[in-house]
1. Would you be able to say whether some residue in segment 143-160 is of a type in the set (Val, Ile, Thr) and under 20 Å from Gly25 (Cβ atoms)?
2. Give me the helices (runs of 4 or more DSSP H) completely within segment 7-89, filtered to those with at least 3 residues that are at pLDDT 80 or above, ordered by residue number.
3. For segment 321-346, name all the residues that are free of Cβ contacts under 8 Å to residues at least 40 places away in the same chain and either within 25 Å of the chain's Cα centre (by Cα) or closer than 23 Å to Asp386 by Cα (or both).
4. Give the number of residues within segment 66-80 that are touching a helix residue (DSSP H, G or I) at 6+ places or on another chain (Cβ under 8 Å) and without any contact (Cβ under 8 Å) to a residue 60 or more places away in the chain.
5. Are any residues in segment 71-86 more than 29 Å from the chain's Cα centre (by Cα) and not charged (D, E, K, R), and if so, which ones?
6. With respect to the numbered conditions (1) within 56 Å of the chain's Cα centre (by Cα); (2) surrounded by 11 or more Cβ atoms within 10 Å (Cβ to Cβ), which one is the sole condition not fulfilled by Phe429?
7. Restricting the search to segment 103-150, which residues are within 19 Å of Ala66 (Cβ to Cβ) and among the hydroxyl-bearing types (Ser, Thr, Tyr)?
Amino acid sequence: MTPLPQGSTPLAVRMRPTTLAEVAGQQHLLRPGSPLVTLASDTAGEQGAVSVILWGPPGTGKTTLAQAIASTSGRRFVELSAVTAGVKDVRQVMEKALSDRDLYGTTTVLFLDEIHRFTKAQQDALLPGVENGWVVLIAATTENPSFSVITPLLSRSLLLTLEQLGDDDLADLVRRAVVDPRGLGDRVVLDDEALATIVRLASGDARRALTALEASAASAVAVHDELAAGAAVLGDPDADFDPDAEYGDAPAADGVAADDRPVITAETVAQSVDRALLRYDRAGDEHYDVISAFIKSVRGSDVDAALHYLARMIEAGEDPRFICRRIIVSASEDIGMADPNALTVAVSCATAVQMIGMPEGRIPMAEAVVYLATAPKSNRAYRALDAALADVRAGGAGRVPLHLRDAHYPGARRLGHGKGYKYAHDAEFGVVEQQYLPDELVGTTYYDPTANGNERDLAARLEKLRRITRGR
């Protein structure tokens, strides 16, 4: 059998499209007349030559789009990576671009990968070239440009959002890689279950799908060669050769197709790819999206969804201290006085995780999340504080009543501080009628408990307390 392509170039790189027509997905950006299509095809003049920022998850085709534009456009193409390039490199590109424009009428397209890694000063160096049209910038980022790209650069560029690839797009991409001469050259067979497994494990990332395919193909070839070597040891593989039996309807051996090509099965993929490749960037949008979904699932009392998002964060290597902090916040914000014990559980969880570390720390985290998700919910305590803060910030603080002011320093009594104060413990039930709020806020109610959990009983007690303290 002809071996698979060898060398240091990964399959994902070899299969990178050379034209926009080969790009998988992102059809909303590739309609006729769209900025990217115009940029790729416009070789006369500057019509449509607008700078763009490509924002999307890893593996959705940002670099692919830029290089496809480079291969089809008549413009000069320069590629820089924000990981290795500095201000000096950017300025050199700008000077060369200005020179080429003035001397030869040539437009330069600058592709800057991972622009979010550029500092503000480095991004500032791009502004003159973009603003004056020396270069057409194509920048790629996995992070929200609103936070990672300076405003002047954003205002001079068109923001294009790339979507996560769908299952059909990934499946088409993988099938093409199996038969394309740049890929596996039709030297292996990929069964339907294996294809579905690769698509599922890739989580919308084309690069990861092709990486999983390449690893699985190598494994399938190794199994095939092992079977062939075993057959040679047992006897002459050409003895009593029957073409109809070999290539007809007779079933092939496991891992070998009827035409003697290696077969990639779902089991092959499972052995080659240890676990699902989560689309999760601890510093990017996915980080915020998953934690947001986690908190909202706890708040919504969907324990299964809460555990799912907890698992995604753990599996992606999220900082367990960050998870525990959010659990503590959720206990106070969303459960509050409906079950005051929730905060104790959350703090105990954080302490336990700190003491035992990971991976065992996932156990107390799971317990805390189940407790919080199934607990009665109330946000009235913190909403009450927010209402009080609003009054204070609006100037509605008022003076502390004289009878509540500190009377311990010399001369305080002469000023009337503490005069008329009623000591609550002297009363039969430890509660007395007394004004505690400033005059301007007398009668104000901030805390209004729900009928959920502990607050149901608390509401009745609170009504009695207010009747006494307010003299109703």
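The values are calculated or read from the model by the stated rules, or taken from the named source; none is laboratory data. Since the model is a prediction, treat every value here as computed from it, not as a measurement. All Cβ positions, glycine included, derive from the backbone under ideal geometry; neighbour counts span all protein chains shown.
1. no
2. Helices (runs of 4 or more DSSP H) meeting the threshold: 11-14, 62-72.
3. Residues satisfying the conditions are Arg321, Phe322, Arg325, Arg326, Ile328, Val329, Asn341, Ala342, Leu343, Thr344, Ala346.
4. Adding up the residues that qualify gives 8.
5. Ser71, Thr72, Ser73, Gly74, Phe77, Val78
6. Of (1) within 56 Å of the chain's Cα centre (by Cα); (2) surrounded by 11 or more Cβ atoms within 10 Å (Cβ to Cβ), only one is false for Phe429: (2).
7. Hits for segment 103-150 are Thr106, Thr107, Thr108, Thr141, Thr142, Ser148.
Quick grid of which residues meet (1) touching a residue at least 24 places away in the same chain (Cβ under 8 Å); (2) not in a helix (DSSP H, G or I):
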residue: Ala384; (1), (2): yes, no
residue: Gly395; (1), (2): no, yes
residue: His408; (1), (2): no, yes
residue: His417; (1), (2): no, yes
residue: Gly430; (1), (2): no, yes
residue: Glu433; (1), (2): yes, yes
residue: Arg456; (1), (2): no, no
residue: Leu462; (1), (2): no, no
residue: Ile468; (1), (2): yes, no
